[in-house]
Amino acid sequence: MVMKFGSEISRLKSCNKYKTKKKAIKNLIAFFGAQPQPSPSLKAGVIVLFFIFFYFVLPHFLTLLSIIFYLCSMQELNDEYFMQEALKEAQKAYEADEVPVGAVVVMNHKIIARGHNQVELLNDATAHAEILAITSAFNLLGSKYLPEASLYVTLEPCLMCAGALYWGKIRRIVYGATDVKNGYLHHTKEPGPFPAKIEITKGILEAECAFLIQSFFRAKR
């Protein structure tokens, strides 16, 4: 078959007369027309394969892409991201001439409550960022416990806030800078008043959190 096809091409190239060249072209057309065509069963099989792909494979493929996209977006919502949000709250306290501590409560990768120090504004020694944030979360959820939530706070909680977090049964506590004078670890030993099931993570964006506190008290001197 290949040899025959080659001979027809050679004959077409060597044709000088119009009629001879026309006959060679007809021979080529006849050659291709004589090739076996797909059978009806083969065509039906191809249609079935396309049906299976579009109705069964493609939807699962799109679902897989959606899952991958979701996981990639979740990677961006890590501890540093939420601590940055807590720092935004701390900046609000700084601008209000409050000790710059901020906190956010996170559940299912979403911030459900925020808070920053308002001791001076409310004339209340207990109005710490952590207390205000978890109180807001309690009110939002209509619950007195936060077993599925995480608290992000820019400064190590004091003993009072640690006690509130203990009674609130929060799942995880993440803080930035260490408070060597008033932090709960100054009064207690590791792991503090918290049960073993509460996860403690410290040192997230520690330099940024400490810098804001230091800048505040440096300006007060």
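Okay, residues lined up against (1) within 31 Å of the chain's Cα centre (by Cα); (2) not aliphatic (A, V, I, L, M):
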| residue | (1), (2) |
| --- | --- |
| 164 | yes, no |
| 175 | yes, yes |
| 185 | no, no |
| 199 | yes, yes |
| 202 | yes, yes |
| 211 | yes, yes |
| 217 | no, yes |
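Kindly check whether there is at least one residue in the range 173-181 that is of a type outside the set (A, V, I, L, M, F, W, C), crowded, with 17+ Cβ neighbours inside 10 Å and under 15 Å from residue 91 (Cα atoms).
Residues of the range 173-181 of a type outside the set (A, V, I, L, M, F, W, C): 175-176, 178-179, 181.
Retained after the next criterion (residues that are crowded, with 17+ Cβ neighbours inside 10 Å): 175-176, 179.
In the following step, the residues that additionally are under 15 Å from residue 91 (Cα atoms) were identified as 176.
Within the range 173-181, one or more residues are of a type outside the set (A, V, I, L, M, F, W, C), crowded, with 17+ Cβ neighbours inside 10 Å and under 15 Å from residue 91 (Cα atoms).
Can you tell me which residue among 208, 156, 148, 190 is touching a residue at least 40 places away in the same chain (Cβ under 8 Å), surrounded by fewer than 16 Cβ atoms within 10 Å (Cβ to Cβ) and touching a strand residue (DSSP E or B) at 6+ places or on another chain (Cβ under 9 Å)?
Step by step, each of 208, 156, 148, 190 is checked, and only 148 is touching a residue at least 40 places away in the same chain (Cβ under 8 Å), surrounded by fewer than 16 Cβ atoms within 10 Å (Cβ to Cβ) and touching a strand residue (DSSP E or B) at 6+ places or on another chain (Cβ under 9 Å).
Hey, can you tell me all the residues within the range 97-124 that are touching a helix residue (DSSP H, G or I) at 6+ places or on another chain (Cβ under 7 Å) and either free of Cβ contacts under 8 Å to residues at least 12 places away in the same chain or open to solvent by 60 Å² or more (accessible area, probe 1.4 Å) (or both)? Steps first, please.
Just the residues of the range 97-124 that are touching a helix residue (DSSP H, G or I) at 6+ places or on another chain (Cβ under 7 Å), to begin with: 97-106, 109, 111-118.
Those that are touching a helix residue (DSSP H, G or I) at 6+ places or on another chain (Cβ under 7 Å) and either free of Cβ contacts under 8 Å to residues at least 12 places away in the same chain or open to solvent by 60 Å² or more (accessible area, probe 1.4 Å) (or both): 97, 109, 114.
With the checklist (1) among the charged types (D, E, K, R); (2) under 24 Å from the mean Cα position of the chain (by Cα); (3) over 13 Å from residue 168 (Cβ atoms) in hand, flag the one item residue 148 doesn't pass.
Condition not satisfied by residue 148: (3).
On the basis of being under 19 Å from residue 96 (Cβ atoms), open to solvent by less than 50 Å² (accessible area, probe 1.4 Å), of a type outside the set (D, E, K, R) and not in a loop (DSSP other than H, G, I, E, B), does residue 131 make the cut?
Working: under 19 Å from residue 96 (Cβ atoms): yes; open to solvent by less than 50 Å² (accessible area, probe 1.4 Å): yes; of a type outside the set (D, E, K, R): yes; not in a loop (DSSP other than H, G, I, E, B): yes.
Against the criterion (under 19 Å from residue 96 (Cβ atoms), open to solvent by less than 50 Å² (accessible area, probe 1.4 Å), of a type outside the set (D, E, K, R) and not in a loop (DSSP other than H, G, I, E, B)), residue 131 qualifies.
The values are calculated or read from the model by the stated rules, or taken from the named source; none is laboratory data. The structure displayed is predicted, hence computed values, not measured ones. FYI the Cβ positions are ideal-geometry reconstructions off the backbone, even for glycines, and counts take in every protein chain you see. Note: areas computed on protein heavy atoms with side chains; ligands, DNA, RNA excluded. Shrake-Rupley method; radii C 1.70, N 1.55, O 1.52, S 1.80 Å.
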